[in-house]
Amino acid sequence: MTAALDAAAKADLVAAARAARERAHAPYSRFKVGAALLCADGTVVRGCNVENASYGATVCAERAAVIAAVADGRRAFAAIAVVADTPTPVTPCGICRQALAEFGTDLTVICANTAGETAEFGLLELLPHGFARG
Ligand code: THU
């Protein structure tokens, strides 16, 4: 079960994602994205998009956070915040939705933009009928 997140915890998570966004390596698209993953143990793991001259080797912010968390021994997640400079709160791309679902679909996804607007979804709202091996 995902623990209920209070407003302060959500604001902290969005702030962490905003800070991570500042570290994005996005010289090709110039579209910086930050993510902050709240782990079940309360740890917050950040990610940012890291682009590559080959383009195909680019990693999104959300997957960067998941990879960092798993490498650090954390696989249970309660929420993720994602921030970009978009007119409306940015939502994770399809690949990132599937990557998040790998570790459980009971996940709150807090979408935000740099203007401070937010929108909240359950992962299953964003990824209905995602792939699973059964
Ligand atoms: N990007 C993310 O970091 N997360 C997403 O969910 C969608 C896109 C990044 C990838 C690329 O560096 C840039 O945004 C433009 O697509």
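The values are calculated or read from the model by the stated rules, or taken from the named source; none is laboratory data. These figures come from a predicted structure and were not determined experimentally. Cβ sites come from the backbone with ideal geometry, for glycine too, and all protein chains shown count toward neighbours. The accessibility values were calculated without ligands, DNA or RNA, using every heavy atom of the protein model including side chains. Shrake-Rupley method; radii C 1.70, N 1.55, O 1.52, S 1.80 Å.
Here is how the numbers come out for the structure above:
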quantity: Criterion violated by T88 - all others in (1) in contact with a strand residue (DSSP E or B) (Cβ under 7 Å, 6 or more places away or on another chain); (2) within 13 Å of the ligand (Cβ to nearest atom) satisfied; calculated: (2)
quantity: Test: R133 is more than 9 Å from the ligand (Cβ to nearest atom), open to solvent by 20 Å² or more (accessible area, probe 1.4 Å) and either touching a residue at least 12 places away in the same chain (Cβ under 8 Å) or outside any loop (DSSP other than H, G, I, E, B) (or both); calculated: no
quantity: Region 53-67, residues that are in a helix (DSSP H, G or I) and either among the basic types (K, R) or more than 8 Å from the ligand (Cβ to nearest atom) (or both); calculated: R63, A65, V66, I67
quantity: Selected residue [more than 14 Å from the ligand (Cβ to nearest atom), β-branched (V, I, T) and surrounded by fewer than 18 Cβ atoms within 10 Å (Cβ to Cβ)] from V50, V70; calculated: V70
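Residues are listed down the side, and each one gets a yes or a no for (1) outside any strand (DSSP E or B); (2) polar (S, T, N, Q); (3) farther than 21 Å from A8 by Cα:
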{"site": "R75", "(1), (2), (3)": "yes, no, yes"}
{"site": "T86", "(1), (2), (3)": "yes, yes, yes"}
{"site": "T105", "(1), (2), (3)": "yes, yes, yes"}
{"site": "E120", "(1), (2), (3)": "no, no, no"}
{"site": "L124", "(1), (2), (3)": "yes, no, yes"}
